[in-house]
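Peer 1: First the structure, which I've put down as structure tokens, then a few questions once you've had a look.
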Amino acid sequence: MKLALETPTNLLRQIQPLTDFDFILAHWVLEDEEYAQHYQRSTRFKILDNSTNELLVPCSMKDMKKAAEIVSPDWIVAPDFLGDASKTLEAIKSMESWWSIYSTMPVVQGATLEEAKECAKGIAQTFSRISIPYDITKSREDPVTVLAEGRWAVLEAIAPLFSTIHLLGFNTVEEISRVAAFQPKVESLDTGVPVMMGLNKRPMVELM
């Protein structure tokens, strides 16, 4: 499984060479010139994220377009709305005019497992790839073990519908070992957790 690490601008040169691809936050591209220039120069595979996890709502399509024009991504994470399957499906459809320009990676959403399954079925009508958030069907205030179980349930339910799956975020070390059962279908993961824990001098064993 390929790994991307979300990294503060001042650590990009040290950390990004250790990763497999670029996972780029759209709002940082527009707010931080040094961050934007780093990824503009990069020749690696690039995924441009809509920043929903950081902002709690996706960047506007206008801002996503601006960010995409700067960093020239290979894939764009479609807008998604936390816990809202129907609004997420509508947002994916609104990107239809982009599909011939950028490869789109939809995000499955839903407040419950059943809603997430219905969202995934809707996405599978058009796309063979999908991404699954770390907190799907759960509250991000829940323990990481609860978050991991929530995503595992969704992964088990929807994996047969897709050929490529990306994991948005990281919960526990055990979770990563379990998803090995779905490789090579679970192709990639992005996370800022190892960097954050390193900066706070906390061992990864806390997440085992």
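The values are calculated or read from the model by the stated rules, or taken from the named source; none is laboratory data. Just so it is clear, the structure is predicted and the values come from calculations on it, not from any experiment. A quick note on method: Cβ atoms are made from the backbone with ideal geometry, for glycine too, and the neighbour counts reach across all protein chains shown. What goes into the accessible areas is simple: the full protein's heavy atoms, side chains included, and nothing from ligands, DNA or RNA. Shrake-Rupley method; radii C 1.70, N 1.55, O 1.52, S 1.80 Å.
Peer 1: Across region 63-72, what is the number of residues that are open to solvent by 10 Å² or more (accessible area, probe 1.4 Å) and either under 21 Å from residue 112 (Cβ atoms) or modelled with pLDDT of 95 or more (or both)?
Peer 2: From region 63-72, those open to solvent by 10 Å² or more (accessible area, probe 1.4 Å) are 63, 65-66, 69-70, 72; that's our starting set.
Now drop any that are not either under 21 Å from residue 112 (Cβ atoms) or modelled with pLDDT of 95 or more (or both), which leaves 63, 66, 69-70, 72.
Count: 5.
Peer 1: In this structure, is residue 148 open to solvent by less than 50 Å² (accessible area, probe 1.4 Å), touching an Asp or Glu at 6+ places or on another chain (Cβ under 9 Å), part of a helix (DSSP H, G or I) and not β-branched (Val, Ile, Thr)?
Peer 2: yes
Peer 1: Another question, then. Check whether at least one residue in region 63-78 is out of contact with any Gly (no Cβ under 9 Å at 6 or more places or on another chain), more than 30 Å from residue 43 (Cα to Cα) and not in a helix (DSSP H, G or I), and report yes or no.
Peer 2: no
Peer 1: Taking residue 17 as the residue in question, decide whether it is exposed (fewer than 14 other Cβ atoms within 10 Å of the Cβ) and either at pLDDT 95 or above or outside any loop (DSSP other than H, G, I, E, B) (or both).
Peer 2: yes
Peer 1: From the list 168, 161, exactly one residue is surrounded by 14 or more Cβ atoms within 10 Å (Cβ to Cβ) and within 18 Å of residue 56 (Cα to Cα). Which is it?
Peer 2: Answer to the selection: 168.
Peer 1: Does any residue in region 23-49 that is at negative phi and part of a strand (DSSP E or B) come within less than 8 Å, Cβ to Cβ, of a residue that is among the polar types (S, T, N, Q) and surrounded by fewer than 16 Cβ atoms within 10 Å (Cβ to Cβ) six or more places away or on a different chain, and which pairs are these?
Peer 2: If the second residue must be among the polar types (S, T, N, Q) and surrounded by fewer than 16 Cβ atoms within 10 Å (Cβ to Cβ), the pairs left are 46/72.
Peer 1: While we're on this one: Of all the residues that make up region 24-38, how many are in contact with a Ser or Thr (Cβ under 9 Å, 6 or more places away or on another chain) and either of a type outside the set (Val, Ile, Thr) or over 22 Å from residue 58 (Cβ atoms) (or both)?
Peer 2: Number of matching residues: 8.
Peer 1: Return the residues of region 86-145 that are open to solvent by 50 Å² or more (accessible area, probe 1.4 Å), farther than 19 Å from residue 167 by Cβ and outside any helix (DSSP H, G or I); say none if nothing qualifies.
Peer 2: 99, 100, 101, 111, 112, 125, 126, 141
Peer 1: Starting from region 132-146, keep only residues that are of a type in the set (A, V, I, L, M, F, W, C), then list their pairs with residues that are assigned to a loop (DSSP other than H, G, I, E, B) whose Cβ atoms are within a distance under 8 Å, requiring at least 6 positions of separation or different chains.
Peer 2: From residues that are of a type in the set (A, V, I, L, M, F, W, C), the pairs are 132/108; 136/108; 136/109; 136/110; 144/171; 144/172; 146/138.
Peer 1: A further question on this structure: Can you name the condition, by its number, that residue 155 falls short on among (1) part of a loop (DSSP other than H, G, I, E, B); (2) open to solvent by less than 40 Å² (accessible area, probe 1.4 Å); (3) out of contact with any Cys (no Cβ under 9 Å at 6 or more places or on another chain)?
Peer 2: Condition (1) is where residue 155 drops out.
Peer 1: Now for a separate question. Determine if region 42-59 includes at least one residue that is more than 24 Å from residue 133 (Cα to Cα) and either among the basic types (Lys, Arg) or open to solvent by less than 10 Å² (accessible area, probe 1.4 Å) (or both).
Peer 2: Taking region 42-59 first, the residues more than 24 Å from residue 133 (Cα to Cα) are 42-43.
Now narrow it down to the ones that are either among the basic types (Lys, Arg) or open to solvent by less than 10 Å² (accessible area, probe 1.4 Å) (or both): none.
For region 42-59, residues more than 24 Å from residue 133 (Cα to Cα) and either among the basic types (Lys, Arg) or open to solvent by less than 10 Å² (accessible area, probe 1.4 Å) (or both): absent.
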